[in-house]
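See below for the structure under consideration.
The values are calculated or read from the model by the stated rules, or taken from the named source; none is laboratory data. This one's a predicted model, so the numbers in the text were calculated from it and none came from an experiment. All Cβ positions, glycine included, derive from the backbone under ideal geometry; neighbour counts span all protein chains shown. With ligands, DNA and RNA removed, areas are computed over all heavy atoms of the protein, side chains included. Shrake-Rupley method; radii C 1.70, N 1.55, O 1.52, S 1.80 Å.
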Amino acid sequence: MVSSEQRLALLNDEPVDTAGTDLLGSGQAARQLAGLLVASRASTPFTLAVDAGWGMGKSSLMQLVRGELANVPEVHTVWYNAWTSSGADALEGLIKSVLMRFDRRLLRRALHRVSEQRALLRALRALAALVAGPLGAAGLVDELWSNLSVNSQARNEMREAIRDLAQEWAETADYSPRRMLVVFIDDLDRCSEETVLAVCEAVKVYLDVPGLAFVIGCDRSAMGPSGLLRDLTPAGAAFMEKIFQTSYRIPVADGQGVQEYIGWCARTAGIERLLDAPLVELLAERSARNPRRIKRLVNGFVLEATLNPMWADHPPEAVLRTLLIQYFYADFYRMMTSPPGADSGDVIADFCTYRRVRTLLRASASWSDEEQSSVDAFLALRDVAPVPGNWRATLEAVERELPTVFPGMVADSAFNSLLDGLLGLPRSEELVRSLREGGPAMVTLPQREPESGAAGVPVQTGVYEAQAGEIGYGPSSSRLPAEPFAGHTILWVDDHPENNTALAAWCRRRGATVECAEDSRTADAVIAGRTPSLIISDIARGTDDRAGFLYVEALRRDGRYTGPVVFYAGRVTPSRQEAARALGALGVAADGEELTRLVRRALAARPAPPAHPSAARPR
């Protein structure tokens, strides 16, 4: 457990803004980008995209560039976070942020020049009052915008007024070389389509003037035709192509740099002594060298070790290694912690035995009696007959009966080191048993890269959400029709129905009637009274490892049920997948996300069957 002397701390997720806090070597790129921007004064207006995926340091690099520019005479900057606005507000906010950087005397001079333009007179007077007066002039700002956006003619006049104002600000004889305003726009790829287009309209239509340069942080792939802007018209797509003149793609940090970054995170959080070299390398490579992902994992460990009473009797190394398995090897963690009855056997023991048998089968040396006995027992347990003189065929046969992830994981040295380290800790068997028996839940971590939702909010996929006592599944639960499964009956056959409570509730919330049966006889009674739209079945039941398959086979043979079937089991093996396909099933699911996907697929195009005449009214 975490001792009272071991002080743990959370890491913040703020971008780097000074060279002293730059841990991944972005400072050199920032200096070079700043130099290019300054040398390109005469080429304004232009737009540069700082391109990278989620968590890869776009904001930090832009802040460092801004810091470099702060030391350059007559180069001014504006920082605008697009995520703080929505829709048309983004256009208004960005233009105002730029105008506020111009000199007051130039604004007054602009007011005098356009004083005879009645459409803009009142608006520019309000703008002059805003710049010259106190910050409490919010009402004047509203009046300004209402005057500037009354019609297309006023918008055209506004564009010309901004152009004249910016050009005079940049090229006045008092400054040599010309002045430059660099506008940094961050988090554009986290915004809604409406906000993205509004920001781009402001940049290209109203602020595309000499003296202004834009540096926009975004993931270009997320904003492409297959991403956030996938529904754009051809005209809209062509407009977006004109926004960026060039892009700088942030490279993935080198291995040494990321390992040093992990070391800093570990020291700051107070867990440095828990990370040996293999674990540091695992963190670096399996996190795709993503700084934000690394920070989140470290923070997840700190919270878990500090708050979860389950770990009171276990060393911090157990928390860390368990968390890493959960995060990087989610399929194995799910099998490792499946509740009793979800499937037979101890997956850790099975994997370790498989690893040893695999090594023996691949070895050319003769086996000892103990090794021969170990191999024979392992093969017999899975009803696999060895192929004499052909170890490869024997191995392929046994792997058909094992989880599909085993062959890849046995060759993963990082995983093997992680698992062996966990098993070598005191009371590791008790820890795993506690997890299987429903001990306190681990801190929820994203298993994949966060995506941008419709409103630009990062979401996690495949994570149960409990809101107001209701269970939803995935990011789209709030956007589903009220009862998309209305009229459908799902027959769920499983001798441990308590393991499916959350998923059954998910189906009911979408309008389905869920009938649970713990054995074939009960399932037959349900089918006799009401034809289900879908059957969800386990595979192993009691001591019968093929009970689910045999039951569905009997239903098909007798013609009692010909509709869709989904098998839900703790383990997915090649032989189980083949058996499911032979029965015409939609597939074998091993987790809630895959199961709900198959349920949607099964019911989406299937009309709800009429109620059996003898059926009671659905509950």
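Per-residue SASA remark: Glu437, around 120 Å² accessible (1.4 Å probe; ligands, DNA and RNA not included).
Under a 5 Å amide H cut-off, with hydrogens placed 1.01 Å from N, Ser537 pairs with Val493, Val566, Phe567, Tyr568 among residues at least 5 apart or on other chains. Please work out whether region 293-366 counts as rounded, prolate or oblate from its C-alpha gyration tensor, where a ≥ b ≥ c are the square roots of the eigenvalues and a/c under 1.5 means rounded, while otherwise a/b larger than b/c means prolate and anything else oblate? Prolate is the answer for region 293-366, as a/c is 1.5 or above and a/b outweighs b/c. Were the residues from Leu307 through Asn416 laid out at 0.36 nm apart, the gain over their Cα-Cα distance would be 36.4 nm. Above 19 Å, the calculated P(r) of region 339-399 contains 28 percent of its Cα-Cα pairs.
The Stokes-Einstein estimate for region 486-619, based on a Kirkwood radius over Cα pairs and taken at 10 °C with 1.306 mPa s viscosity, is a diffusion coefficient of 107 µm²/s. Note on Asp313: accessible area is roughly 100 Å² with a 1.4 Å probe, heavy atoms of protein only.
Taking packing as the residue-averaged number of other Cβ atoms within 10 angstrom, the listed peptides 353-363, 327-337 run from highest to lowest as 327-337, 353-363. Peptides 274-284, 39-49 ordered by packing proxy, namely the average of other Cβ atoms within 10 Å per residue, highest first: 274-284, 39-49. For Met310, the solvent-accessible surface with a 1.4 Å probe is about 20 Å², rounded to the nearest 10.
Within the straight-line cut-off of under 17 Å between alpha carbons, the lysines reachable from Lys204 are Lys96, Lys242, sequence neighbours fewer than 8 places apart in one chain being disregarded.
When restricted to Cα atoms, region 248-325 yields an Rg and a Dmax of 13.0, 50 Å, respectively.
Note on region 486-553: Cα-only Rg and Dmax are 11.7, 36 Å. Considering region 303-420, its Cα convex hull presents a mean projected area of 8.9 nm².
A Förster radius of 25 Å, combined with the Cβ-Cβ distance separating Asn12 from Glu74, puts the computed FRET efficiency at roughly 0.15. When the alpha carbon coordinates of region 38-105 are projected onto the principal axes, the ranges are 38, 28, 20 Å, largest first. Centroid-to-centroid, using Cα positions, region 317-361 and region 242-266 are 33 Å apart.
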